Structure formats: structure tokens, C-alpha cells
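Take a look at the structure below.
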Amino acid sequence: MTALQTTDIVLEARGVSKTYTLNSGLLSGKRTIEAVKHFSLDLKKNEALGLIGESGCGKSTLSRLLLGLEPPTEGSVLLHGEAIGGMSRKGVARILQPVFQDPYSSLNPRETIGEAVERPLWVHGIKDAEVRRKKVAAVIEAVGLPKRTLSSYPNQLSGGQRQRVAIARALVLEPSILICDEPTSALDVSVQAQILNLLNDLRRTMGLSLILISHDLQVVQFLSDRVAVMYFGELVEVGRTEAVMQAPQHAYTQRLLASALDIDPDAGIPALSPPPGP
Ligand SMILES: Nc1ncnc2c1ncn2[C@@H]1O[C@H](COP(=O)(O)OP(=O)(O)OP(=O)(O)O)[C@@H](O)[C@H]1O
Ligand SMILES: [Mg+2]
């Protein structure tokens, strides 16, 4: 690998796996779930990478591994070449931030939007109130919310506005990477487009790298330079968005595309059986 390629990579999963052990009852003992299996993927500077796969295939688990919120059972995650497991939570938060599906659950109902967006600055030791005020005002404007939103409470906002607040809060520390896990799936279709446009604009104006996780091919297609396809915890295909859309290589991607495009509903969609177990 050349030096240029190495420095271009901002986040990398190297052969990560995550296995959960569940107690399935007194008599039946323990059961294991391999949520993510030997997954390798890299995100480049200024790139938008879509991660797609059906419900339960391990997308959110992978995102928690990439965010350093959970350690992988195997493999490692590197943030700017450094093992994320050895970095402080604050150090990671300055570079990498999540945006989740349901902004309501992550906003305190008793806290104003201004307080919620300012909190990360407090936590990261920015003592100057004027600096905090300016940063909060700038980021609220960047996500397209009026200033008066700062004194509102979460229950006074629409779902789309709350998702803008969640994005503002993710951006207030000026990270360079956002991992968005189903950021629009709780929203109406018209609002979905607004949030996707916002993410696209922010990516360009702020030079962000993005991972966009969705089960919806169209959402991913809209924003992504590359698409990674996940199936039963494994990476089955990754490539330039147009290439994957035009000539999908894996049978699962072909099925996904066929169902999204609804090419021939009468023909049905070929059923795929899960890959053989270990
Ligand atoms: N903390 C956990 N403990 C046990 N099992 C888990 C845990 N988190 C996820 N799983 C299991 O791992 C598998 C993958 O779940 P995950 O939430 O990553 O899927 P997903 O692709 O994000 O699905 P969705 O599209 O529905 O959000 C599922 O079988 C799930 O039940
Ligand atoms: Mg999920």
C-alpha cells in the first residue's frame, strides 16, 4: 500500500467479529450469535460510504464497533491508524460522532435544545461561555434550524427538527467523521429527503467523512460514493455505488436491487437461504 493510500484512510475495520452469548433458559444453556463476522472495511477522507443490509444482519453492531462503544470479539478498529480500543472516549468523540435513528430517545426532555447542543462543549472543557455560545449558534444555523429553536424543548419539535438537533449536537465538537445509523428511517419520506440533503451539504462544506447505514437502498444510493453490502454479519460486496447498482456481483445484492426496483413483481424474488453455519 502506498503512503497516500494509508493516510487517506480515516477509519478501518480489520477482520472484526462480534459474538454475543445469550442465556436461552435454564435447561437449554447458552446460545451464541455471531452478529458480525470477519468484517474488513475502510473509510476514506471525505468519502460517503453506504452500508446496506436487511434487518438483523449486524449493521448496528458493526457501527458500535466502529464507534469504539463495544470491543470486537476478534480483530481491531483503527481510527487514523490508531487502535480505537486504546483511545480515550473523549479523544474518539472529537474525531468520530454517531447520529442514531431516534433522536428523541437521546434528547433529555427537560433540557432545552441549546443546553443539549452545548453539553459536549462543557464536557470537553470549553470554559469560555462566549466561545460555546458562538459554536452552538453556528452549528444550529448549519443544520438549518432557526435560532429560536435553542430555547425549545424536544417535545416542541417535529421529528425532522429533532434529527437536525441530533446532527448539530454530533457536529458541535467539529468531528471529521459521522456514523449515521438509519438517520432517516423514523421520518416521513419528504423529511427524509431534507435530512439526506442536509448530510450531503454538510459533508461538502465541512469536509466530513460519512458512514450511512440503512436497510433502504435508495437512501444509501443518494449519498454514497461507495456501497458495502452486509449479509448475515458478513461483508459480501463493496464497490463504487454505480458499479454495485449496475452490476451487482452477489446474489443477495441482486435480490436487494430487484426488490427495490420492483422490476418484475410477478416473477417474485428468488429466495436465498442463509449461508451454512460454522
Ligand atoms: N447486545 C446484544 N446482545 C445480544 N445480541 C445482540 C445484541 N446486539 C445485537 N444482537 C444481535 O445481533 C444481530 C444483529 O443485530 P443488529 O442490531 O446489529 O442488526 P441490524 O442490521 O442493525 O438490524 P436493524 O436493521 O433491524 O437495525 C441480531 O441477531 C441481534 O439480535
Ligand atoms: Mg440497526
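The values are calculated or read from the model by the stated rules, or taken from the named source; none is laboratory data. As the structure is a prediction and not an experimental result, all values here were calculated from the model. Methodologically, a virtual Cβ is constructed for each residue, glycine included, from the backbone with ideal geometry; neighbour enumeration extends over all protein chains shown. With ligands, DNA and RNA removed, areas are computed over all heavy atoms of the protein, side chains included. Shrake-Rupley method; radii C 1.70, N 1.55, O 1.52, S 1.80 Å.
Can you give me the orientation-averaged projected area of the convex hull built on the Cα atoms of the range 106-174, in nm²? Taking a quarter of the hull surface, the average projection is 4.1 nm².
For the range 73-220, the pair-distance distribution built from all alpha carbon pairs, in bins 5 Å wide starting at 0, is 2, 9, 19, 21, 21, 15, 8, 4, 1, 0 percent. Taking the 1.4 Å solvent-accessible surface of the chain as the whole, the part contributed by carbon and sulfur is 52%.
Across the cross-link table entries 59/135; 30/90; 59/127; 18/90; 45/90, which are compared at the Cα atoms, the separations over 26 Å belong to 59/135; 30/90; 59/127. Simple point charges give the picture: +1 on the Cβ of Lys and Arg, -1 on the Cβ of Asp and Glu, and for the range 106-174 a dipole about the Cα centre of about 100 debye. Stokes-Einstein diffusion for the chain at 20 °C, viscosity 1.002 mPa s, with a Kirkwood radius from C-alpha pairs, works out to 107 µm²/s. Think of it as helices only: each DSSP H run of n ≥ 4 in the chain is worth -39500 (n - 2.57), and spread over all residues that comes to -10500 deg cm²/dmol at 222 nm. Entry comment: accessible area of the chain is 52 Å² per residue, from protein heavy atoms only and a probe of 1.4 Å. Highest mean first, the peptides 206-217, 32-43 sorted by other C-beta atoms within 10 Å per residue fall in the order 206-217, 32-43. Panel note: the C-alpha atoms of the range 50-116, placed on their principal axes, show extents of 40, 32, 21 Å (largest first). Of the GluC sites (Glu not before Pro) found in the range 196-248, no site is in coil according to DSSP while having at most 15 other Cβ atoms within 10 Å of its Cβ.
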